[in-house]
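Next up is a structure, given as structure tokens.
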Amino acid sequence: MEEGFNAYRQSLESEEQSIKSTQSVVEQAIAWFRAHSMFVLAYGTGCGAIEMPPTFTSRYDIERLGVVGVATPRQADILIVSGYCSPKTLKRVIRSYEQMSDPKYIIGLGSCTINGGMYWDSYNTIKKLDDFLPVDMYVNGCMPRPEALIEGFVKLQEKIRLNSSEAGYIKYRDNYAHYRANQERLFGAQVAPSYEENFAGMN
Amino acid sequence: MQNLMQHFEIIQKTPTLYALHVSIETLFNTLHHLRYQSDFITLSQLTCTDWIEEERFELGYMLTNLERNCNLMVKCFIGRDDVTVASVVTLFPQAEVMERELHEMFGVGFEGNDTLYDFALEDWQDLPPMRREFDTLAYVQSHYDFRDGRDDNLDVKEQIKIRKAAAKSAKEAQGGA
Amino acid sequence: MERKTITIFHGPQHPGITGNMSVELELTGETITKARTHVGYLHRGFEKLIERRTVIQAFTIVCRICVPEPDPNEANFALAVEQLAGIEVSEKATYIRVMVLEMARLAAQLLWMAGQSGSVGLGTVGQWSIYDRDLILDLFEALTGGRVYHMYIYPGGVRRELPEGFLERLGALLDYLQKRLVEYDRLFFDNASFQKRAIGVGVVKSEEALHLGYVGQVLRGCGLKRDVRRDNPYFNYAALEFDIPTQSGGDVFARALVRRAEMRESIKILRQVIAQMPTEGAIMQKLPKHRKFTLPKEDTYVAVESARGEFGYYMAGDGSEMIRRMQVKGPSLIHGFTLLESLLVGEELSNVALIMNSLGICPPEIER
């Protein structure tokens, strides 16, 4: 039994083999393409946005992994919720997310998306992002280093390739009533129009 | 400055910071005088402090002079409930947004400012949040859910007592042996 | 022919916006007829949170008030608490503070350069300047342990001793940056595609600038020599030599040139700090214990010069260990509302991002 990096790689490969046996070649190819062309919506919702320029420019250069920033939600695959969300922002984040086309994934960046972080007693930030939106990957820290964000992207690629059926957008579609109820509870009468009719015609 | 000190009861707090207390009736006229008859032509900050035990707010108009090297704080005590202060937008246009903020955060009314709509909060139903009686932790607990396993704001005094007692008994046992 | 007016939101989800905020624009064709700023997307209620915390607990969250440039917040907080509690700071700690503040200014200017060049479509500048900013962040990491949030300038001094060889590393970085600044001139400031977009756009009137409370490069861009470091010196800026660059145009390009010269001034200050840094001396004063760290029933106002202008704190104590009230006055509050709303009228839609970047509007300090 080898140790360290090689052992980790071997365990990954064996796991990958067992999952690949359940996927057809076309499914494998599609998953590979998806994992290596992730377009990130340029929406800095909180302070984590300050570590995104270094990640996307020459020093950390996340474009190596096929991660590129785009301006409009209609072209984007990834929404990075970079930090605390006030209810006012969350409304816009939900709308942006619902405008993105499937497949789409969410990365929650920073401790405050996980459990409130520093702002645990603030009256104007939500404490649990996955009550309202399906989060695929959390990156903790305040603030997370660019390396941590890259690690999050690598893990997300793995998830897309190996467990594509567990993606957040499928969860959102299947459990829409749950997410919608949470959104309604927080926003009251000001909640955005329901998104449910858009699910019609999907598989 | 010397000239102003003859007119008003100005207190010097630091070499570059002065304070002046006025009543709510003379507030606007004092600011008007300072704006047009003195060097203090800029309003750089509008503060409000809640002295709940004295049942009053303290408004502070931070004026800065032409040379930008001296600040004068014109302060005024006002009641906490249903108070309206004359707006100073006509003297200082930048006061518009500052008054909007205080209106939202403290519930202070400003007469003559018709832009007192939402500033930072959207559809806020509760008390104005910066008032002392607004309890932010209680609001959080009633409006948001925490993830299980997060322990904040615990009373650790009991734990410290237990730990100290354990250390003491351990020391005694050691000393006895 | 009747012209139709449409209303659009520029932001919050928009690549040309400086942070999470939005501007509601009324347009006739491409021309803006009315602008209204909306903030609140980042409101966390800092001032409320600080009322619930002791001095030491509040210290950890103040740096998060302004994200691109957290150090002026720490400096202001330390200044205000020291003034209220009557704490003296050693000479060495003051020098380290000046060093941290100037490094933060340099980093913030490089970040601004990336945003400003991005708003005119010059992507290369951002690739370079964010890299160079990262080199400064590396030094911050060696000094404080944090890349972005440092939590370093503490009431009573600074939290850590300089690491071994730090000043030499800083000197080497300054040599490197000095060479880079020449290349930035060729790449960005002398670039015709930037100059054509920036000259004559977003002109601030100098006669009303002082009265309306503008600060920083907006003032210096229209020829008014105002700088808190010179007018109202804090720490030991009075003992350091530096110039306050000014320009007379008042437009986006003038503000860019002011920033360009300020980067050189920051390097000049940092070199003096390296030369004069005391080798001996404590970096931290003895402070009262956590629960006994009380502030008297007094209030004060302190201000430092951030990379975008005067950054002030009003602080009032009430005799207990909690701070009664701390109110932040960032440079963006007046710039983002009074100035931006008036500057945008008559401009074209494509200039909104350009003007916002040149004013350096940072929404987290507007709404806290």
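The values are calculated or read from the model by the stated rules, or taken from the named source; none is laboratory data. Keep in mind that what you see is a predicted model, and the values were worked out from it rather than measured. Note that each Cβ is placed from the backbone with ideal geometry, even for glycine, and that neighbours are counted across all protein chains shown. Side chains are part of the model used for accessible areas, which takes the heavy atoms of the whole protein and leaves out ligands, DNA and RNA. Shrake-Rupley method; radii C 1.70, N 1.55, O 1.52, S 1.80 Å.
Under 15 Å from the Cβ of B:T16, count the other residues' Cβ atoms, weight Lys and Arg +1, Asp and Glu -1, and hand me the total. Mind showing how you got there, number by number?
Details: positive: B:K13, B:R68, C:R226, C:R229, C:R230; negative: B:D39, B:E67, C:D227, C:D231, C:D299, C:E305, C:E310.
Every neighbour counted, the sum reads -2.
Across segment A:24-199, how many lysine pairs separated by 8 or more positions, or lying on different chains, have Cα atoms within less than 19 Å?
For segment A:24-199, the number of qualifying lysine pairs is 11.
Note down the nm distance, to one decimal, between modelled labels 7 Å out along Cα→Cβ at B:R150 and at C:E26.
Placing both labels 7 Å beyond Cα along the Cβ direction yields 4.2 nm.
Using all alpha carbons of segment C:245-291, what is the percent of pairwise distances in each 5 Å bin, ordered from the shortest bin to the longest?
5, 16, 14, 11, 11, 10, 10, 9, 9, 5, 1
Near B:K75, which lysines are there with a Cα under 28 Å away, not counting those fewer than 8 places off in the same chain?
Hits, sequence-local ones excluded: B:K13, C:K48, C:K297, C:K329.
Mind checking which of C:E208, C:E88, C:E24 has the largest fluctuation in a GNM of chain C, springs on alpha carbons under 10 Å?
C:E208
Quick test of the membrane-span-like rule: which DSSP H helices of chain C reach at least 27 Å along their long axis (C-alpha atoms) with mean Kyte hydropathy at least -0.5?
Working: long enough: C:91-118 (41 Å, 0.41); C:123-144 (31 Å, 0.26); C:252-276 (36 Å, 0.18).
Span-like helices in chain C: C:91-118, C:123-144, C:252-276.
Using only Cα atoms, what Kirkwood radius does chain C have, in angstroms? Kindly include the intermediate steps, with their values, before the conclusion.
Details: mean 1/r = 0.0470 Å⁻¹.
Evaluated on chain C, it is 21.3 Å.
In cubic angstrom, how much convex hull volume per residue do the alpha carbon atoms of segment A:24-199 span? If you can, show how the numbers build up before the last one.
On the way: hull volume 18.8 nm³, N = 176.
For segment A:24-199, the hull spanned by Cα atoms encloses 107 Å³ per residue.
Would you pull out the residues with amide H under 5 Å of B:R56's amide H, same chain only if 5 or more places away, H placed 1.01 Å from N?
Amide H neighbours of B:R56, under 5 Å, 5+ apart: B:W51.
Ordering C:K268, C:K225, C:K4 by accessible area with a probe of 1.4 Å, largest first, what comes out?
On the way: C:K268 80, C:K225 120, C:K4 160 Å².
Largest to smallest exposure gives the sequence C:K4, C:K225, C:K268.
Hey, with R₀ at 25 Å, roughly what FRET efficiency would A:Y176 and A:F33 work out to, going by the Cβ-Cβ distance, to 0.05? It would help to have the intermediate numbers written out before the result.
Details: r = 27 Å, r/R0 = 1.09.
Once rounded, the FRET efficiency stands at 0.40.
When a/c is below 1.5 the answer is rounded, else prolate if a/b is larger than b/c, else oblate, so apply that to segment C:65-148 with a ≥ b ≥ c taken from the square roots of the Cα gyration tensor eigenvalues.
Working: a/c = 3.36, a/b = 2.20, b/c = 1.52.
Prolate, because a/c is 1.5 or more and a/b exceeds b/c.
Also: Compute the FRET efficiency between B:K13 and B:E133 as 1/(1 + (r/R0)^6), taking r as their Cβ-Cβ distance and R0 = 25 Å, and round to the nearest 0.05.
Efficiency computed from Cβ-Cβ geometry: 0.30.
Let's see if you can work this out: charge +1 on each Lys and Arg Cβ, -1 on each Asp and Glu Cβ, no other charges. What is the dipole magnitude of segment A:46-203 about its Cα centre, in debye to the nearest 20? Before the final figure, lay out each step's value.
Details: 18 positive and 18 negative charges, 51 e Å.
I would put it at about 240 debye.
Another question about this same structure. If you fit an axis through the alpha-carbon atoms of helix B:95-106 and take the longest principal axis of the Cα set of chain B, what angle between them do you get, 0 to 90°, nearest 10?
The two axes meet at around 40 degrees.
Residues of segment A:127-143 with accessible area at least 50 Å² lower in the all-protein-chain context than alone (1.4 Å probe)?
Going by heavy-atom accessible area, the residues of segment A:127-143 that drop by at least 50 Å² are A:K127, A:K128.
Tell me, what is the Rg over Rh of segment B:17-160, with Rh the Kirkwood radius over Cα pairs?
Radius of gyration over Kirkwood radius for segment B:17-160 works out to 1.09.
Note down the nm distance, to one decimal, between modelled labels 7 Å out along Cα→Cβ at A:S58 and at B:N69.
The modelled label-to-label distance comes out at 4.3 nm.
With all protein chains present, how much of the accessible area of the protein assembly as shown (probe radius 1.4 Å) comes from carbon and sulfur, to the nearest whole percent?
On the way: 15240 of 30530 Å².
Carbon with sulfur: 50 percent of the solvent-accessible area.
At the nearest 100 Å², what buried accessible area, both sides summed, do you get for C and B when the probe is 1.4 Å? Walk me through the intermediate numbers first.
Values: alone 15510 and 12180 Å², together 23950 Å².
That pair of chains buries around 3700 Å² in total.
Here's a follow-up. When ligands, DNA and RNA are left out and all protein chains stay put, how many square angstrom of accessible area per residue does segment A:13-88 have with a 1.4 Å probe?
Numbers: 3330 Å² over 76 residues.
Accessible area per residue, segment A:13-88: 44 Å².
Just to verify a number: FRET efficiency for A:E158 and A:E197, C-beta to C-beta distance, R0 = 30 Å, to 0.05?
On the way: r = 34 Å, r/R0 = 1.12.
It comes out at approximately 0.35.
So what's the back-of-envelope 222 nm ellipticity for the protein assembly as shown, counting only DSSP H runs of four-plus at -39500 (n - 2.57) apiece and dividing by all residues, rounded to 500?
On the way: 27 runs with 304 residues, N = 748.
Estimated from H runs of four or more residues: -12500 deg cm²/dmol.
Can you check what the net charge comes to around C:R147, using other residues whose Cβ is under 10 Å from the Cβ of C:R147 (Lys, Arg +1; Asp, Glu -1)? Mind dumping the intermediate values first?
Values: positive: A:R145; negative: A:E51, C:D134, C:D138, C:E141.
For residues surrounding C:R147, the net value is -3.
Give, as a single signed number, the net charge of other residues whose beta carbon lies under 12 Å from the beta carbon of C:R97, with Lys and Arg counted +1 and Asp and Glu -1.
Values: positive: C:K92, C:R159; negative: C:D71, C:E74, C:E82, C:E91, C:E102.
Net charge in that neighbourhood comes out at -3.
Relative to a virtual label point 7 Å from the Cα of C:T33 in the Cα→beta-carbon direction, which members of segment B:104-125 show backbone nitrogen distances below 20 Å?
Under cut-off, by backbone N: nothing.
Residues of segment C:106-152 losing 40 Å² or more of accessible area relative to the isolated chain, 1.4 Å probe, heavy atoms only?
Residues of segment C:106-152 that lose at least 40 Å² of accessible area once the other chains are added: C:Q127, C:I130, C:Y131, C:D134, C:R147, C:V148, C:Y149.
Using a 7 Å offset from the Cα along the Cα-to-Cβ direction at both C:S342 and C:Q127, what is the distance between the two label points in nm, to one decimal?
4.1
Right, next: Using a 1.4 angstrom probe and counting only protein chains, how large is the accessible area of A:K88 in Å², to 10?
20
Along the positive direction of the dipole of segment B:2-176 (beta-carbon charges: Lys, Arg +1; Asp, Glu -1; about the Cα centre), which of B:T14, B:F146, B:P93 reaches farthest?
B:T14
Okay, moving on. Taking each pair of different alpha-carbon atoms in the protein assembly as shown once, compute 1/r for the pair, average those values, and report the inverse of that mean as the Kirkwood hydrodynamic radius in Å to one decimal. Mind showing how you got there, number by number?
On the way: mean 1/r = 0.0362 Å⁻¹.
Mean inverse Cα-Cα distance, inverted, gives 27.6 Å.
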